[in-house]
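Take a look at the structure set out below.
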Amino acid sequence: MNLRQLSTTAPDFEAEFQRVLHWSAETDGAIESRVADILADVKVRGDAAVLEYTARFDRLDARSVAALELTREELKAAFEQITPAQRDALQAAAARVRSYHERQLEACGRSWSYRDEDGTLLGQKVTPLDRVGIYVPGGKAAYPSSVLMNAIPAHVAGVPEIIMVVPTPGGEKNPLVLAAAYVAGVSRAFTVGGAQAVAALAYGTATVPKVDKITGPGNAYVASAKKHVFGQVGIDMIAGPSEILVLADGTTDPDWVAMDLFSQAEHDEMAQSILLSPDADYIAKVRASIEKLLPEMPRKDVIKASLEGRGALILTRSMEEACEISNRIAPEHLEVSSSDPQRWEPLLRHAGAIFLGAYTSESLGDYCAGPNHVLPTSGTARFSSPLGVYDFQKRSSLIEVSESGAQKLGPIAAELAYGEGLQGHARAAEMRLRPEKG
């Protein structure tokens, strides 16, 4: 396999490193234009446009959008249809995801206030969004885990209505996805996908209710549509290709690390898998494991294309330098495959999720550890966070100024307002001042 290997001591390292990282988030112009047309059409024609595009793109004919809605009974039937092992796995994963996000709610999702010594009340009121939409990929790919990761934090945040959309090409419904919607407490679900589903959620139709925010992954058309409707509604993020970065000190079984690199590379050809290690012999062992294990992988062609196109094995001077490079990359998934991961964790500032220790495979985080698997990609972990309870809430400032507080704050506000040339602001503050005693 032609998997690139770099060394931080090489004179051309920086140029080669930048080539590894390069990925353009620009969407194809033809996609942008088509998506804009679909959004405009759904905004004007509503259900009729949704039906037309669903028939065209998903080969699913229906007499009405209402006929595309999945009933609670259908979701329950799907839950009962899957195997007992699948039911147990869904419920166990859902319980862990719920428990984690309930702790998140306790930590950052509550209203708070305090009073100054003069009786002025200041604080923050935290309230859930009224209605959110979650997009779940369908067709060849089916992601029940994405249902849990999007719906459960919204439910924990207190969102009253969770609307799910999922494409079902040819009318083929994935029972695990429907069962996950039942377990996660989805309010309503429609078998609609693509840009038309995003438009229906953003603008509302006669049948699909307008939401306040849209979350969840999708293809290039879905990503473009979410970008277009942002401002009309909130969105979680514009996700790029999946990424994994492994920091290894050479103590983990190289087969484990090779398979962890595969776990992201198998998503698609644009996914990125990188290994950073100060141990040249260990890098050679991981390379040998890759060559040994790849032929047995069902998606070996995708993995090979991903590793050769965007993967890298990078020899560093030390684990400290590996941590510095990791911070520059700001990966979606960061594994610290070390005998002493707690030593390195304080040095790591930017990552969507940090997996500590040899036994913490990224796949456990994807499905059932508890933290959310919807993570920032393409270096955006430098300034953004995993999906969480806080994404389904908004915050209002609380201010109740006492009479005594108005005497203290009024002159300050008036002085600044006059300085900005805003006399109305200044006089509004001054009118509340007590007359000076003669």
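What follows draws every value from the coordinates through simple rules; no lab data is involved. What you are looking at is a predicted structure, and each value in this text was computed from that prediction instead of being measured. Cβ: placed from backbone, ideal geometry, glycine included. Neighbour counts: every protein chain shown.
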Task: Using a Förster distance of 45 Å, the FRET efficiency for TYR114-ARG299 (Cβ separation, nearest 0.05) - done: 0.25
Open item on the list: Using only the alpha carbons of the stretch 355-417, what is the convex hull's orientation-averaged projected area in square nanometres?
Closed with: 8.7 nm²
- [ ] Give the residue from SER263, ASN174, GLY357 lying farthest towards the positive end of the charge dipole for the chain; charges sit on Cβ (+1 for Lys and Arg, -1 for Asp and Glu) and the dipole is referred to the Cα centre.
- [x] ASN174
TODO: Highest first, please rank the peptides 354-362, 11-19 by the mean number of other Cβ atoms sitting within 10 Å of their residues.
DONE: 354-362, 11-19
Open item on the list: How much of the pair distance distribution for the stretch 52-98 lies past 15 Å, counting alpha-carbon pairs only, in percent?
Closed with: 62 percent
Task: Spatial extent of the stretch 1-105: Rg and Dmax, with the Cα atoms as the point set, Å - done: 24.0, 65
Open item on the list: Can you give the FRET efficiency to the nearest 0.05 for ARG103 and ALA77, using r as the Cβ-Cβ distance and R₀ = 41 Å?
Closed with: 0.80
Open item on the list: Report for the chain the percent antiparallel among DSSP-assigned beta bridges with both residues inside it, nearest 5.
Closed with: 30 percent
Open item on the list: Distance cut-off 20 Å, Cα to Cα: go down the list LYS173/LYS210; LYS210/LYS394; LYS76/LYS213; LYS43/LYS226; LYS213/LYS394; LYS125/LYS227 and report the pairs above it.
Closed with: LYS173/LYS210; LYS76/LYS213; LYS125/LYS227
Open item on the list: How large is the translational diffusion coefficient of the stretch 215-366 in µm² per second when you combine the Kirkwood radius over alpha carbon pairs with Stokes-Einstein at 25 °C and 0.890 mPa s?
Closed with: 152 µm²/s
TODO: Indicate the helices, whole DSSP H runs only, in the chain that combine a mean Kyte-Doolittle hydropathy of 0.5 or more with a Cα extent along their long axis of 18 angstrom or more.
DONE: 144-157
Open item on the list: Per-residue counts of other Cβ atoms within 10 Å, averaged by peptide: what ranking do you get for 116-129, 204-217, highest first?
Closed with: 204-217, 116-129
TODO: For the stretch 29-235, calculate the relative contact order in percent as a whole number, restricting contacts to Cα pairs under 8 Å that are 6 or more residues apart.
DONE: 29 percent
Task: Dimensionless Rg/Rh of the chain - Kirkwood Rh, Rg from C-alpha atoms - done: 1.06
Task: Positive-end extreme of charge dipole, the chain - chosen from LEU294, VAL147, ILE325 (charges on Cβ) - done: VAL147
- [ ] State the dimensionless ratio Rg/Rh of the stretch 29-235 (Rg: radius of gyration of Cα atoms; Rh: Kirkwood radius).
- [x] 1.04
Task: Between the stretch 272-320 and the stretch 416-437, the Cα center-to-center distance that results, in Å - done: 67 Å
Task: Sequence ranges 257-265, 329-337, ranked by mean other-Cβ count within 10 angstrom, highest first - done: 329-337, 257-265
TODO: Using the number of other C-beta atoms within 10 angstrom as an exposure proxy, rank SER289, SER273, SER111, SER396 with the fewest first.
DONE: SER396, SER111, SER289, SER273
Task: Radius of gyration, Dmax [the stretch 151-270; alpha carbons; angstrom] - done: 17.7, 59
TODO: Just the Kirkwood number for the stretch 209-265, please: inverse of mean 1/r across all distinct Cα pairs, in Å, one decimal.
DONE: 14.1 Å
- [ ] Let me have the 222 nm mean residue ellipticity of the chain computed from DSSP H runs of 4+ only, each contributing -39500 (n - 2.57), with the sum over all residues rounded to the nearest 500.
- [x] -14000 deg cm²/dmol
Open item on the list: Just to be sure I understand the model, the point goes 7 Å from the Cα along the line to the Cβ. What's the resulting ALA95 to ARG343 distance in nm?
Closed with: 3.7 nm
- [ ] Could you state, as a whole-number percent, how many of the C-alpha pairs of the stretch 80-183 are farther apart than 23 Å?
- [x] 41 percent
Open item on the list: At R0 = 30 Å, how high is the FRET efficiency between HIS425 and LYS210 if r is their beta carbon distance? Nearest 0.05 is fine.
Closed with: 0.25
Task: Loop sites in the stretch 319-374: trypsin sites (Lys or Arg not before Pro), DSSP, at most 15 other Cβ within 10 Å - done: ARG349
